[in-house]
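Here the structure is laid out as structure tokens; the discussion comes afterwards.
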Amino acid sequence: MPLIAMTGTPGTGKTSAAEYLRQRGYEIIDLNAFIADNGLLGEEDAERDTREVDIESMRTLFSKRSKLSAIVEGHLSHFLGCDIVVVFRCHPDVLAERLRARGYLESKVRENVQAEILDVILCEADGSKARVFEIDTTKLTPKETAERMEEIIKGKGNHQVPGSTDWSGETDRWF
Ligand code: ADP
Ligand code: MN
């Protein structure tokens, strides 16, 4: 199995889908935990309620693991040099509700929704050598999302190509 990244804007459902995949026997690396465990969390950005991560150190440390095939889950996983990158997507209104339900400040909800509308992670993933897939989770349950993920893992995800989503019509309301 190759190295597969599950990435996407926070709230798109990566961790929930990963949980289902674990139940089905897949070993999934939690990149957020890897970052924290290896002391890769940098300065606190109080205004944005977030902490910077040194991407280069993360890449270097990750590449020193013994296993070359794995599934990695986290919103920075597309920076790891994976063979396959799956970008989780979600409609802005639904994403905002998921993030509010998580207790995010409205400023942080907006920042993440704006990033989703601008296809930030998809663009970052396009800059890598990886084969890129996309899953629109807006109308899916976490279980259904995990099933789409499993199709991709098994090489049956050819219909999950990027470009199926377009949130540009939501721009006026969020910028
Ligand atoms: P991520 O890991 O991408 O930040 P999570 O899996 O933690 O996202 O999900 C964020 C929130 O959205 C959680 O409260 C979760 O219950 C909810 N959620 C996740 N996936 C879905 C889904 N497919 N449909 C509805 N709600 C979802
Ligand atoms: Mn998560």
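The values are calculated or read from the model by the stated rules, or taken from the named source; none is laboratory data. Only a predicted model underlies this, so the values are computations on that prediction, with no experimental measurement involved. Because the Cβ atoms are built from the backbone with ideal geometry, glycine has one as well, and the counts that use them run over all protein chains shown. Each accessible area value is taken on the protein alone, full model and side chains, heavy atoms only, with ligands, DNA and RNA left out. Shrake-Rupley method; radii C 1.70, N 1.55, O 1.52, S 1.80 Å.
Among all residues of the stretch 42-57, there is none that is acidic (Asp, Glu), more than 14 Å from ligand 2 (Cβ to nearest atom) and under 20 Å from Ile153 (Cβ atoms).
Within the stretch 121-138, the set of residues being in contact with a strand residue (DSSP E or B) (Cβ under 6 Å, 6 or more places away or on another chain) and open to solvent by less than 70 Å² (accessible area, probe 1.4 Å) comprises Ile121, Leu122, Ala125, Ala130, Val132, Phe133, Glu134, Ile135, Asp136, Thr137.
For every residue, the table says whether it meets (1) in contact with a Leu (Cβ under 7 Å, 6 or more places away or on another chain); (2) among the acidic types (Asp, Glu); (3) more than 27 Å from Ile135 (Cβ to Cβ).
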residue	(1), (2), (3)
Gly42	no, no, yes
Arg65	no, no, no
Glu73	yes, yes, no
Ser77	yes, no, no
Arg89	no, no, no
Ala96	no, no, no
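Applying the condition of being closer than 21 Å to Asp83 by Cβ and surrounded by 16 or more Cβ atoms within 10 Å (Cβ to Cβ) to the stretch 1-11 and asking which residue is farthest from ligand 2 (Cβ to nearest atom) yields Leu3.
Look at Lys14 and say whether it is in contact (Cβ under 8 Å) with a residue 40 or more places away in the chain, open to solvent by less than 60 Å² (accessible area, probe 1.4 Å), of a type in the set (D, E, K, R) and in contact with a helix residue (DSSP H, G or I) (Cβ under 8 Å, 6 or more places away or on another chain). When the stated conditions are applied, Lys14 does not pass them.
Being within 16 Å of ligand 2 (Cβ to nearest atom) and over 28 Å from Lys156 (Cα atoms): is that true of Val86 here? So Val86 fails the test.
Per-residue answers, yes or no, for (1) over 20 Å from Ile117 (Cα atoms); (2) touching a Lys or Arg at 6+ places or on another chain (Cβ under 8 Å):
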position	(1), (2)
Ile35	yes, no
Arg48	no, yes
Glu56	yes, no
Ser66	yes, no
Ala70	yes, no
Arg100	no, no
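Gly25 satisfies every condition listed in (1) buried (at least 21 other Cβ atoms within 10 Å of the Cβ); (2) part of a loop (DSSP other than H, G, I, E, B) except (1). Per the listing Val113, Val109, the residue uniquely part of a helix (DSSP H, G or I), over 16 Å from Ser77 (Cβ atoms) and within 14 Å of the chain's Cα centre (by Cα) is Val113. Scanning the stretch 4-18 for residues that are more than 6 Å from ligand 1 (Cβ to nearest atom), under 17 Å from Lys143 (Cα atoms) and either in contact with a Pro (Cβ under 8 Å, 6 or more places away or on another chain) or in a loop (DSSP other than H, G, I, E, B) (or both) turns up just one, Ala17.
Within the stretch 132-174, work out how many residues are outside any loop (DSSP other than H, G, I, E, B) and touching a Cys at 6+ places or on another chain (Cβ under 9 Å).
Result for the stretch 132-174: 1.
Taken residue by residue, the stretch 89-99 has at least one member that is outside any loop (DSSP other than H, G, I, E, B), crowded, with 19+ Cβ neighbours inside 10 Å and in contact with a strand residue (DSSP E or B) (Cβ under 8 Å, 6 or more places away or on another chain). Every condition in (1) open to solvent by less than 60 Å² (accessible area, probe 1.4 Å); (2) within 21 Å of Gly163 (Cα to Cα) is met by Leu118 except one, and the failing one is (1).
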